[in-house]
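What follows is a set of notes on a single structure, which appears directly below.
The values are calculated or read from the model by the stated rules, or taken from the named source; none is laboratory data. Given the structure is predicted, the values throughout are model-derived calculations rather than measurements. So basically every Cβ, Gly included, is an ideal-geometry build from the backbone, and we count neighbours across all protein chains shown. Please note that ligands, DNA and RNA were not included when accessible areas were found on the heavy atoms of the full protein model with its side chains. Shrake-Rupley method; radii C 1.70, N 1.55, O 1.52, S 1.80 Å.
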Amino acid sequence: MSTLASALQCVRERIDRAASAAGRDASEIRLLAVSKAWPATCLRQAWQAGQRAFGESYAQEGVQKIGQLSDLPIEWHFIGPVQSNKTRILAENFAWIHSIDREKIAERLSAARPPHLPPLDVCLQVNVSGDASKSGVAPEHASALAGTVVALPRLRLRGLMVIPRHERDHAAQRHWFRIARDLKDRIVAEGIALDTLSMGMSDDLEAAVLEGATIVRIGTAIFGPRP
Ligand SMILES: *Cc1c(COP(=O)(O)O)cnc(C)c1O
């Protein structure tokens, strides 16, 4: 087995173990391979090892790889900050956007989604740990933003995405993910159907799965430290 294939296998086993510890079915949790900074050849190897969904953080870099790998039916997710001058290329090229943090961006993505494609699956990025350095809508404004996004014709609101402050301690990691889960439950209780919690990275995927993650976004543990 190649190094990449065995790293992928290891990550899948971590997800399986965390799911059973949480009493969850591992099939509820999707693995998104975060491939930013890695060349298309690495993604192709991951595809050969069975990986089907990839996450990119920079519009130009992502679109370039989408072109290079157009022979593979990859599901492309955009997970980086969305600049308003990039909404068109994102809406034309990606299946998912995890990082909507304001109305204007959502409106532009909806308007730019080409008619021949299905609605764009989207998550709201929420700044659960309130760090000034992190993007994302403040938790207290998430429900209003959800109300706007759910009404846009060419977007399909799926859930919330979070990147909490880095914590080494497992209980502290779970704390931020639990805030995300509670917020999602609150928005659902207000009548907006959400099925996605995009949370958990290489260092904290177990805590995220225990708190209900449905998509984990893993880079380093699959591809190694970014070049
Ligand atoms: C880079 C990145 C990841 C992956 O982080 P790793 O620690 O390498 O697993 C996940 N989510 C987002 C939004 C990222 O930018």
Check your understanding: Considering only Phe78, Ala138, Val128, whose Cα is most displaced toward the positive end of the charge dipole of the chain, charges sitting on Cβ of Lys, Arg (+1) and Asp, Glu (-1)?
Key -> Phe78
Study note, to complete from the structure: Packing-ranked peptide list from 130-142, 92-104, 34-46, 58-70, highest mean Cβ count within 10 angstrom first, is 92-104, 34-46, 58-70, 130-142
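Hey, what number do you get for the chain at 222 nm if only DSSP H runs of n ≥ 4 count, each worth -39500 (n - 2.57), divided across all residues, to the nearest 500?
Values: 9 runs with 97 residues, N = 227.
Mean residue ellipticity, 222 nm, calculated: -13000 deg cm²/dmol.
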Review point. What's log10 of I(q)/I(0) for the chain at q = 0.12, 0.13, 0.15, 0.17 Å⁻¹, Debye sum over Cα points only, no solvent?
Key: -0.62, -0.74, -0.99, -1.28
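Determine, from the Cβ-Cβ distance of Ala95 and Ser143 and an R0 of 22 Å, the FRET efficiency 1/(1 + (r/R0)^6), rounded to the nearest 0.05. Provide the component values of the computation, followed by the final result.
Details: r = 25 Å, r/R0 = 1.15.
Efficiency for this residue pair is about 0.30.
About the Cα centre of the stretch 129-227, what is the dipole size in debye to 20, counting +1 per Lys and Arg Cβ and -1 per Asp and Glu Cβ, all else neutral?
Numbers: 13 positive and 12 negative charges, 71 e Å.
Here the size comes out at about 340 debye.
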Revision key, fill the gap. Heavy-atom accessible area per residue of the stretch 89-143, all protein chains kept, 1.4 Å probe, expressed in Å², is 41
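Counting every Cα pair in the stretch 66-138, what percent are over 17 Å apart?
Values: 1167 of 2628 pairs.
Looking at the stretch 66-138, the distances longer than 17 Å represent 44 percent of pairs.
Ranked from the most accessible area to the least, with a 1.4 Å probe and all protein chains present, what is the order of Met161, Met201, Met1? Mind dumping the intermediate values first?
Details: Met161 0, Met201 85, Met1 180 Å².
Most to least solvent-accessible, the answer reads Met1, Met201, Met161.
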Point to revise | Entries in Lys65/Lys104; Lys65/Lys184; Lys134/Lys184; Lys36/Lys134 that, when Cα-Cα distance is taken, lie over 23 Å | key: Lys65/Lys104; Lys65/Lys184
Review point. To the nearest 0.05, what FRET efficiency results for Ser6 and Ala26 with a Förster distance of 22 Å applied to their C-beta separation?
Key: 0.75
Practice item. Could you list which residues have their amide H under 5 Å from that of Ser99, counting only those 5 or more apart in sequence or on another chain, with H placed in the peptide plane? Key: Cys123
Revision key, fill the gap. Rounded to a whole %, the carbon-and-sulfur portion of the accessible area of the stretch 33-99 at a 1.4 Å probe is 49
Point to revise | Nonlocal amide H pairs with Val34, under 5 Å, H built at 1.01 Å | key: Gly55, Ile218, Gly219
Check your understanding: Treating the beta-carbon of each Lys and Arg as +1 and of each Asp and Glu as -1, no other charges, what is the dipole magnitude of the chain about its Cα centre, to the nearest 20 debye?
Key -> 400
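Taking the Cα centre of the stretch 1-50 as the origin, how large is its charge dipole in debye, to the nearest 20, when only Lys and Arg (+1) and Asp and Glu (-1) carry charge on their Cβ atoms?
Numbers: 7 positive and 4 negative charges, 33 e Å.
Here the stretch 1-50 has a charge dipole of around 160 debye.
Looking at the square roots a ≥ b ≥ c of the eigenvalues of the Cα gyration tensor of the stretch 21-92, which shape do they give, rounded for a/c under 1.5, prolate if a/b is larger than b/c, or oblate?
Numbers: a/c = 2.35, a/b = 1.40, b/c = 1.68.
It comes out oblate by the Cα gyration axes.
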